[in-house]
Amino acid sequence: MPAVLLPSMLISGMTYEPTVEAMRRRARVLVMELPGSGRGSRLRAPWTLEQYARCIAEALEALRIEGVTLIGHSLSGAAALVTGALYPERLSGLVLAGSVGVNPPRSLRRLFLGRMADMLVEPRFTVRAGPALLYNLLVHTRSMLRVVRLAAEADVGAYAARLRVPTLIAWGARDSTVPFGSALALQRLIPGATLVVSAEGSHDWIVERPEEFAAAVARFMERDG
């Protein structure tokens, strides 16, 4: 069964090329850019996480892809989690990498400071993500402002408790954007969830350490499959 990677709505699928290349040596992987970001369609009004989840489920149905492992990173992690809670029949597994939505900072300042700390130790990601971030700011301005607010305020704890899809929580021990305590909170909320920690990884270790991330996902998919 394939894996479907959802890029964070702040950036684009191109940012994840090292990750996709590493994963394709182990499994089939598709990249799905969501509306309001990257090459996705422009939105007339910003979406809620529930709207993103419905879009993901409908796209999987339209593509006739069943039993996928859905991978969400940071902002798209929250959308992936809501998808798993509302449309579990579309998925065989869920991977949440540095997902927002549990223990939210509820402060844009705190979120920004954490993001700056991570950027200092993520040279590969910072270089790759910069152009995509600028593009989204120019092309998807309203959606960008909305998802930043979601990153600071969204609380998906109730959806996490409803999850019955096998879930891998993949976190960087040095994550300053979404600190490790959020990973532990997710593990407590999601029944039977597995936690994998990258000892040297920060928030965007999915891109910074692609081989390590791909290996963790491959082990999860093999076990779950």
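Counting only DSSP beta bridges whose two residues both lie in the chain, roughly 0 percent are antiparallel.
Between amide H atoms placed 1.01 Å from N, distances below 5 Å from Ala3 occur with Arg28, Val29, Leu30, Thr69, all of them 5 or more places distant or on a separate chain.
Residue by residue, region 44-51 carries 3J(HN,Hα) couplings of 5, 9, x, 9, 8, 4, 5, 5 Hz when phi is fed to the Karplus relation 6.51 cos²θ - 1.76 cosθ + 1.60 (θ = phi - 60°); x denotes Gly or Pro.
With all distinct Cα pairs included, what does the Kirkwood hydrodynamic radius of the chain come out to in Å, to one decimal, could you say? Before the final figure, lay out each step's value.
Numbers: mean 1/r = 0.0591 Å⁻¹.
Its Kirkwood hydrodynamic radius stands at 16.9 Å.
For the chain, which longest stretch is free of loop sites, where a loop site is one of the trypsin sites (Lys or Arg not before Pro) that DSSP puts outside H, G, I, E and B and that has at most 16 other Cβ atoms within 10 Å? Before the final figure, lay out each step's value.
Working: sites that count: Arg25, Arg26, Arg28, Arg39, Arg42, Arg44, Arg64, Arg106, Arg164.
Of all site-free stretches, the longest is 165-225.
Within region 96-113, what residues put their amide N at less than 16 Å from the label point 7 Å along the Cα-to-Cβ vector of Asp155? From region 96-113, the list is 100-108. Quick one: if the Förster radius is 30 Å, what FRET efficiency do Glu21 and Arg42 give, using the C-beta to C-beta distance and rounding to 0.05? Once the sixth-power term is evaluated, E becomes 0.55.
Computed from the coordinates by the stated procedures, all read-outs in this text should not be read as laboratory data. Because the structure is predicted, anything quoted here is derived from the model rather than measured. So basically every Cβ, Gly included, is an ideal-geometry build from the backbone, and we count neighbours across all protein chains shown.
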